[in-house]
1. Which one of Val39, Val29, Val62 is of a type in the set (Val, Ile, Thr) and not assigned by TED's automatic domain parsing to the domain that holds Leu14?
2. Considering only segment 78-102, state which residues are within 23 Å of Ser55 (Cα to Cα) and without any contact (Cβ under 8 Å) to a residue 40 or more places away in the chain.
3. In segment 73-91, what residues are assigned to a helix (DSSP H, G or I) and surrounded by 14 or more Cβ atoms within 10 Å (Cβ to Cβ)?
4. Of Phe140, Phe172, which residue is out of contact with any Pro (no Cβ under 7 Å at 6 or more places or on another chain), modelled with pLDDT under 80 and surrounded by 11 or more Cβ atoms within 10 Å (Cβ to Cβ)?
5. Can you tell me which residues in segment 1-39 are in contact (Cβ under 8 Å) with a residue 24 or more places away in the chain, surrounded by 12 or more Cβ atoms within 10 Å (Cβ to Cβ) and not in a helix (DSSP H, G or I)?
6. Of the residues in segment 92-115, how many are under 27 Å from Phe195 (Cβ atoms) and either modelled with pLDDT of 85 or more or assigned to a helix (DSSP H, G or I) (or both)?
7. Please verify whether Gly131 is surrounded by fewer than 18 Cβ atoms within 10 Å (Cβ to Cβ), under 18 Å from the mean Cα position of the chain (by Cα), at pLDDT below 85 and in a loop (DSSP other than H, G, I, E, B), treating the condition exactly as stated.
8. Is it the case that Glu68 is loosely packed, with under 15 Cβ neighbours inside 10 Å, over 15 Å from the mean Cα position of the chain (by Cα) and among the charged types (D, E, K, R)?
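The values are calculated or read from the model by the stated rules, or taken from the named source; none is laboratory data. Keep in mind the model is a prediction, meaning the values are calculated, not measured. When we count neighbours, we look across all protein chains shown, and the Cβ atoms used for this are built from the backbone with ideal geometry, even at glycine.
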Amino acid sequence: MAGIRDAAQYQAQLRALLPAGPAWDPERVPEIESILAGVSQELARFDARAFDLISELDPAGVSELVPEWEAVMGLPDPCLGDSPAFEDRRLAVRQRLTAIGGQSRAYFIEVAIRQGYPSASIVERRAPRFGRSHFGSAHFGTWTAQFMWTLESGPRRRLGRRFGASFWGERFGANPSGALECVIRRSAPAHTLEFINYGDQE
């Protein structure tokens, strides 16, 4: 791994730093080489752990410090259920740091896609308005319909991982966390009434 010295490199460095004189000559005093070997192992371990710490400071490479990141970010996400998989917890840390949110159709469709529904779409209702209304139109809606929208999930992918569940392919209803519904309803604008239509699942 670039930038990390191993024990052999540290041992050679320590040997080069020994004072001059027969008392410090490894050939005359073999015990010195054993001491250098032991110290070198520790220095190499410190070096590797320092590099690990640098990786843990970035959510993109976090592994050991996931619980600490969760404490800072208000995680684990309750939408993941009571016992989320570790990979989902790590992904949640990354997404929490980079998420910017939104209330557009594109945003909620992207949320569904991340949950494993690549064909998701949104149907918005409209209220009757003068100049736009036509007699005989089916499913015209009422005044309150303008605040209603439906997420058409479409079929869920069967391969790969998805955020909020431990594996792909299970029917959504079998997931006790209800991750998709939880995330959608938590993020939906407060004045709207949202519906999720799963339709025919593969």
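1. Of Val39, Val29, Val62, the one residue that is of a type in the set (Val, Ile, Thr) and not assigned by TED's automatic domain parsing to the domain that holds Leu14 is Val62.
2. Within segment 78-102, Phe86, Arg89, Arg90, Val93, Arg94, Arg96, Leu97, Thr98, Ala99 qualify.
3. Met73, Cys79, Leu80, Asp88, Arg89, Arg90, Leu91
4. Phe172
5. If the condition is that a residue be in contact (Cβ under 8 Å) with a residue 24 or more places away in the chain, surrounded by 12 or more Cβ atoms within 10 Å (Cβ to Cβ) and not in a helix (DSSP H, G or I), then Ile4, Arg5, Asp6 are the ones that fit.
6. So the answer is 16.
7. It is false that Gly131 is surrounded by fewer than 18 Cβ atoms within 10 Å (Cβ to Cβ), under 18 Å from the mean Cα position of the chain (by Cα), at pLDDT below 85 and in a loop (DSSP other than H, G, I, E, B).
8. Spelling it out, it is not the case that Glu68 is loosely packed, with under 15 Cβ neighbours inside 10 Å, over 15 Å from the mean Cα position of the chain (by Cα) and among the charged types (D, E, K, R).
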